[in-house]
Amino acid sequence: MGTWNVWGRFGQWERRSDAIAAIFADSDADLWGLQEVWRDGQRDQALELAEQSGLHTAWWRVPGPPSWRQHGPNVRMGNAVLSRWPIIDRLEMKLPTRPGHDEGRNVTCAVVDAPAGPIAFFTTQLTSAPTDSALRVTQVAAIARFVAKHRVSTFPPIVTGDFNALPDSDEIRLFEGHLTEPAVAGSLLVDVWRYADPRAPGLTWDRANPHVQATFEPGGRIDYVFVGPPGPSGHGHVEAVELIGDEPCGDIWASDHAGVLVDLNIAIGVDDHAHGR
């Protein structure tokens, strides 16, 4: 399972769409949280990706910042969940904003009917301005409460998204709850990249990508998969984690972001385990 910001319809979006589809199919993941996914009345990017891999899908609109309006009046952007298993419920909550700067950011939850039982799978995209850390702190606190309220089984919740924040930022430390008091008492969420090779920087916003170079911004890890502590039989344990889309596909970069792909243990019983990617 994983997360990926697929960058809407910026740049050579039609060629990029083909590259995204190729990388997506090769990943063979069971669950995806996608951000900046588009539909225009004739085509639906989430649906196209889902159909090619036999997945179910749910999509929620996000109005977004003014830069998204250049896509045209008929193009809508949003977040999506794609799932190998049926989506049996879907929920949404609008995130806090500040006066005069309402981008309609939200957090969404798809409850999926997995072999281990229902799993609450969340995805989001936080406000992006580098100076908006304080706003992101209020947003992650709201997300933490939403996650705690909508836990549906013993399987730990999974939260994915483009948090637009570095791992040692106030907002990420607050959301995880390991290095400071968590936003919700007793709630812990693990950044799955902590299970990666310690020498791997895991840059999802990487200056090796020409789309990032064009912004003149420094690189960093800003896209995450978080999972609650594993259950007593190990369900929800992180077994492997890697980046996708962190190099060109042929002669084109699929997105300005790399995605994060993780293998989780999905325990069906104490001695009977499945593995969900």
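Quote the FRET efficiency, to the nearest 0.05, computed for Ile252 versus Tyr195 with a Förster distance R0 of 45 Å and r equal to the Cβ-Cβ distance.
FRET efficiency, Ile252 to Tyr195: 0.90.
Where only protein heavy atoms count, and the probe is 1.4 Å, what is the accessible area per residue for region 189-236 in Å²?
About 48 Å² of surface per residue is accessible.
Can you pull a Stokes-Einstein diffusion coefficient for the chain at 20 °C (1.002 mPa s), Rh from Kirkwood over Cα pairs, as a whole number of µm²/s?
In µm²/s, the coefficient rounds to 115.
Using DSSP to define loop residues, name the trypsin sites (Lys or Arg not before Pro) in region 24-65 whose beta-carbon has at most 15 other beta-carbon atoms within 10 Å.
Those that pass, being in a loop and sparsely packed, are Arg43.
Using only the Cα atoms of region 27-175, build the gyration tensor, take square roots of its eigenvalues as a ≥ b ≥ c, and label the shape rounded, prolate or oblate: rounded if a/c is under 1.5, else prolate if a/b is larger than b/c, else oblate.
Oblate, because a/c is 1.5 or more while a/b does not exceed b/c.
Can you give the direction-averaged projected area of the convex hull of the alpha-carbon atoms in region 1-114, in nm²?
7.3
Say each of Ala134 and Gln213 gets a label point 7 Å from the Cα, pointing the same way as Cα to Cβ; how far apart are those two points in nm?
3.7
Taking only protein heavy atoms and a 1.4 Å probe, what accessible area per residue, in Å², does region 1-153 have with all protein chains in place?
41
Which one, Ile87, Trp32, Gly72, is farthest towards the positive end of the dipole of region 1-138 when Lys and Arg carry +1 and Asp and Glu -1 on their Cβ?
After comparing all options, I get Gly72.
Length gain on complete extension for the stretch Gln42 to Leu179, per 0.36 nm per residue less the alpha carbon to alpha carbon distance?
44.7 nm
Rounded to a whole number, what % of the accessible area of the chain do carbon and sulfur atoms account for, probe 1.4 Å?
51
When the C-alpha atoms of region 126-277 are aligned to their principal axes, what extent does each axis show, in angstrom, from largest down?
Computed over the Cα atoms, the extents are 49, 37, 25 Å.
The values are calculated or read from the model by the stated rules, or taken from the named source; none is laboratory data. Keep in mind that what you see is a predicted model, and the values were worked out from it rather than measured. Quick reminder, even Gly has a Cβ in these numbers, built from the backbone with ideal geometry, and neighbours come from all protein chains shown. Please note that ligands, DNA and RNA were not included when accessible areas were found on the heavy atoms of the full protein model with its side chains. Shrake-Rupley method; radii C 1.70, N 1.55, O 1.52, S 1.80 Å.
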